[in-house]
Amino acid sequence: MPLLLLLGLVPVVLRPLPSTPWLWLLLVVAACGADALLAAPPRALEVVRGPVPGVRLGTPGRSELVVHNTTRRRLRGLVRDAWVPSAGAHDNRHPVRVAPGDRPLLRTPLLPRRRGDLRAVGVTVRSLGPLGLAGRQRTLLVPGTLRSLPPFASRRHLPSRLARLRELDGRAAVRVRGQGTEFDSLREYVRGDDVRAIDWRASSRSRHVVVRTWQPERHRRVVLVLDTSRTSAGRVGDVPRLDPAMDAALLLGALATRAGDRVDLVAGDRRVRTRLRTHGAPDLVARLQDALADLEPVLAEADWPGLVGAVAALGRQRALVVLLTPVEPTAVEAGLLPALPALTRHHRVVVASVRDPALEELVAGRGTLEEVYDAAAAARASARRERTIALLRALGVDVVDAEPDRLAPALADHYLSLKARGLL
């Protein structure tokens with residue numbers, strides 16, 4: 001249209017009268033109005049969005065639209081599939097030419113930048129007339145939700161831990177009786193076997209001496225307790241502490257399920273945000289990811305008595321209770337320590353905490369006066385943190401304290417160690 005108005009300079013030069021510009025403007029307005037009337041009406045279109053499958057955070061996804069032209073006019077224009085910015089929609093403006101009755105499929109790539117449910121804003125259809133001078137535009141409400149799941153970056157550690165689990169189930173050192181073991185099978189005695197494992201009744205019916213073999217007990221309970229209070233909002237590097245804690249929970253949940261154990265989840269702060277009972281579900285990782293997707297840190301203190309009560313409500317059977325919470329001395333001493341006896345009385349308790357590597361870097365700095373003061377403050381904070389860890393261990397709690405990228409494999413290794421020693 002601007003070019004058409006600019007073209008009006010030609011009649012003005014050929015007919016230099018005051019009425020010429022107005023006549024040309026009237027002609028342009030009439031042409032644009034007629035072109036807009038001849039455009040296909042956007043409100044008559046039927047736009048249907050297909051199911052949007054959930055993806056892990058940072059993994060590409062896509063949304064599909066089917067545009068049905070129910071009019072008798074050809075639709076020529078642009079279709080924009082709009083999403084919230086965190087959905088990462090790109091290449092979402094689709095030029096279209098749709099004949100009457102056609103149903104083209106439009107795909108919009110998505111790349112989520114945060115967890116949770118990311119929603120579509122609307123589908124804007126701009127229909128141009130035959131001359132391309134003007135058109136009509138309308139935004140249609142076409143609901144759509146992309147479920148962005150935790151990334152589960154530690155899944156690369158799962159094959160090596162599963163190999164160790166298979167080795168644990170089959171190695172000879174475990175084939176002796178002890179706490180946390182159950183009967184496996186009978187076999188012929190070989191030199192080096194523990195004579196206490198000889199089954200004399202079975203040996204009397206056989207031509208050879210027979211011994212019993214044992215294996216780590218299965219069908220144990222593992223309860224994951226995820227702290228979403230203010231301490232989990234503290235950032236370590238580029239991510240809040242909650243993210244590596246989720247990653248560790250996913251790896252341990254996947255490993256424990258493969259080991260034949262049952263995994264439950266409780267997440268909360270001043271109230272319980274999520275409670276998940278799996279009952280040995282085969283799709284545990286998918287269910288855990290779905291349950292963790294919406295969780296965000298809450299700027300409030302954790303109600304540990306309430307979280308302990310939620311664990312007790314899952315059942316009285318002895319369990320491995322893993323508390324995924326930062327070891328912050330003030331928060332632990334004021335909130336967690338008074339609630340621990342109710343857990344340690346019936347369960348094996350492990351505290352998994354994200355350690356900030358920046359503290360060690362500050363302690364090592366001695367170059368300037370400011371660095372010396374920073375090093376002194378960091379050393380004091382580290383010493384107080386170590387005293388809190390020692391206090392937890394004195395109460396019978398195992399503490400796994402590791403940097404963000406090492407917490408998940410370290411917690412998995414500790415689980416395997418407990419299982420090897422029959423302490424579950």
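Of note:
- Nearest-0.05 FRET efficiency for V239 and A364, computed from C-beta distance (R0 30 Å): 0.85
- Surface share of carbon and sulfur [accessible, 1.4 angstrom probe, percent] for the chain: 56
- DSSP beta bridges in the chain [antiparallel fraction, %, rounded to 5]: 65
- Net length gained if the chain between R421 and R201 were fully extended (0.36 nm per residue, minus Cα distance): 76.4 nm
- Debye-formula intensities of region 342-403, expressed as log10 I(q)/I(0) at q = 0.12, 0.14, 0.24 Å⁻¹, are -0.40, -0.50, -0.95 (one equal scatterer per alpha-carbon, no solvent).
- Each peptide in 189-196, 339-346, 125-132 gets a packing score, the mean of other Cβ atoms within 10 Å over its residues, and the list from highest to lowest is 125-132, 339-346, 189-196.
- Accessible area (Å², per residue) of the chain, counting only protein heavy atoms and a probe of 1.4 Å: 52
- Ranked by the mean number of other Cβ atoms within 10 Å of their residues, highest first, the peptides 401-414, 136-149, 155-168 come out as 401-414, 136-149, 155-168.
- Cα-centre dipole for the chain with unit charges at Cβ (Lys and Arg positive, Asp and Glu negative), debye to 20: 1580
- As a calculated quantity, the FRET efficiency between R114 and A44 at R0 = 60 Å, using C-beta atoms, amounts to about 0.95.
- Dipole magnitude of region 365-424, debye to nearest 20 (Cβ charges: Lys/Arg +1, Asp/Glu -1, about Cα centre): 360
- Secondary-structure-derived ellipticity at 222 nm for the chain, considering helices only, amounts to -10500 deg cm²/dmol, per-run term -39500 (n - 2.57) for DSSP H runs with n ≥ 4.
- Distance from the Cα centroid of region 289-305 to that of region 360-417 is 23 Å (rounded to whole angstrom).
- Fully extending the segment from R384 to L105 would add 94.4 nm, taking 0.36 nm per residue of separation and subtracting the current Cα-Cα distance.
- For region 45-80 and region 88-120, distance of Cα centres in Å: 5
- Across the chain, Cα pairs under 8 Å and at least six residues apart give a relative contact order of 13 percent.
- Sites A312 and H208 - FRET efficiency at Förster radius 51 Å, r taken between beta-carbons, to 0.05: 0.55
- Along the axis of the charge dipole computed for the chain (Cβ charges of +1 for Lys and Arg, -1 for Asp and Glu, origin at the Cα centre), the listed residues V98, A249, G309 are led at the positive end by V98.
- Extent of the chain along its three principal axes (Cα atoms, max minus min coordinate, largest first): 120, 71, 39 Å.
- Each of S86 and T59 was given a label point 7 Å from its Cα along the Cα-to-Cβ line. The distance between the two points is 1.9 nm.
- Within the shell defined by Cβ-Cβ distances under 12 Å, the residues around T70 carry a net charge of +2, with Lys and Arg each +1 and Asp and Glu each -1.
- Considering only region 242-400, percent of DSSP beta bridges that pair antiparallel, nearest 5: 40
- Peptides 324-334, 290-300, 98-108 ranked from most to least packed, by the mean per-residue count of other Cβ atoms within 10 Å: 324-334, 290-300, 98-108.
- Structural descriptor for region 183-270: relative contact order 30 percent, calculated from alpha carbon pairs under 8 angstrom and at least 6 residues apart.
- Kyte-Doolittle at least 0.0, axis length at least 27 Å by Cα - qualifying DSSP helices, the chain: 19-38
- In plain terms, the chain from R166 to V29 could stretch by 41.5 nm, reckoned as 0.36 nm per residue minus the Cα-Cα distance.
- Length-normalised contact order for region 242-316 - Cα pairs under 8 Å, 6+ apart - percent: 32
The values are calculated or read from the model by the stated rules, or taken from the named source; none is laboratory data. What you see is a predicted model, and the numbers here were worked out from it, not measured in a lab. Backbone-built Cβ (ideal geometry, glycine too); neighbour counts: all protein chains shown. With ligands, DNA and RNA removed, areas are computed over all heavy atoms of the protein, side chains included. Shrake-Rupley method; radii C 1.70, N 1.55, O 1.52, S 1.80 Å.
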